[in-house]
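Below is one structure, written out as structure tokens, with a few remarks after it.
The values are calculated or read from the model by the stated rules, or taken from the named source; none is laboratory data. Predicted model only: the values in this text are computed from it and were never measured. Because the Cβ atoms are built from the backbone with ideal geometry, glycine has one as well, and the counts that use them run over all protein chains shown. Surface areas here come from the heavy atoms of the whole protein model, side chains and all, with no ligands, DNA or RNA. Shrake-Rupley method; radii C 1.70, N 1.55, O 1.52, S 1.80 Å.
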Amino acid sequence: MGNREDLLAGARRCLEEKGYLRTTVRDIASAAHVSMAAIGYHFGSREALLNQALFAAMEDWSAGSGRLVGQGATAEERYADTWDRKIRDFGEMRWLWTASVEAFVHAQSRPELLAVLAEAQRRNRRMVAAGLLGVPVEEVSEEDVRSLGSLHIALLSGVMVQALTDPEAAPTGRELAQGLRTMAELLDKSAPTDG
């Protein structure tokens, strides 16, 4: 590996061990066995390096979260199974989700980081909507991105916080699916009728 790859690997180890906010330039350089100046040369800043390492870890997680339930399962069973795996991942990869929350908090005083996170969130809304609809990303309408994608990202963030805060009381995939069904029924009952 070259210095750039060593730095990314070192930054990821630091994220796992120390988190986003407590990781220093010295920590990363030490973990990567390179000089501190190499961070500025290759990435420009500690934040830029940590962001790349964090986003790469998120992409690795996303790529590894394929379907486990068989083809004969209902849509609700597949949805519940997906949530069960995500909730399990929140516990098993606690460092990743904690680091992502820390990055969000840090971004509130860093407009350039906030812009990067906002763009990633826009892409995620589209990808999530495509996955739920079972269509390619480029076929997802803006309406579905804004409604279905946004709803699912909101659920993801909220369930993640619940799972990290109180794992024993975090909802199950089946409970989330049932909650969405109940909410849809409530919305349907309150919809105006023609006539």
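What the table below lists for this structure:
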| item | result |
| --- | --- |
| Search result, residues across the stretch 118-133 that are open to solvent by less than 60 Å² (accessible area, probe 1.4 Å) and closer than 24 Å to Gly91 by Cα | Ala120, Arg125, Val128, Gly131 |
| Pair list, Cβ < 9 Å and 6+ apart or interchain, from the stretch 80-94 residues that are small (Gly, Ala, Ser) to residues that are open to solvent by less than 50 Å² (accessible area, probe 1.4 Å) | Ala80/Val69; Ala80/Gly173; Ala80/Leu176; Ala80/Ala177; Gly91/Ala163; Gly91/Leu164; Gly91/Ala170 |
| Test: Thr193 is of a type outside the set (D, E, K, R), open to solvent by 30 Å² or more (accessible area, probe 1.4 Å), farther than 22 Å from Trp97 by Cβ and out of contact with any Pro (no Cβ under 9 Å at 6 or more places or on another chain) | yes |
| Extreme residue, surrounded by the most Cβ atoms within 10 Å (Cβ to Cβ), among residues of the stretch 18-30 that are free of Cβ contacts under 8 Å to residues at least 24 places away in the same chain and touching an Asp or Glu at 6+ places or on another chain (Cβ under 9 Å) | Asp27 |
| Extreme residue, nearest to Gln162 (Cα to Cα), among residues of the stretch 88-112 that are open to solvent by 30 Å² or more (accessible area, probe 1.4 Å) and touching a helix residue (DSSP H, G or I) at 6+ places or on another chain (Cβ under 6 Å) | Gly91 |
| Residues (within 14 Å of the chain's Cα centre (by Cα), among the small types (Gly, Ala, Ser), open to solvent by less than 50 Å² (accessible area, probe 1.4 Å) and under 14 Å from Trp83 (Cβ atoms)) located in the stretch 134-178 | Gly158, Ala163 |
| Options Ala73, Ala48, Ala115: the member that is open to solvent by less than 40 Å² (accessible area, probe 1.4 Å) and in a helix (DSSP H, G or I) | Ala48 |
| Tally of residues being open to solvent by 30 Å² or more (accessible area, probe 1.4 Å) and under 22 Å from Glu102 (Cα atoms) across the stretch 31-45 | 3 |
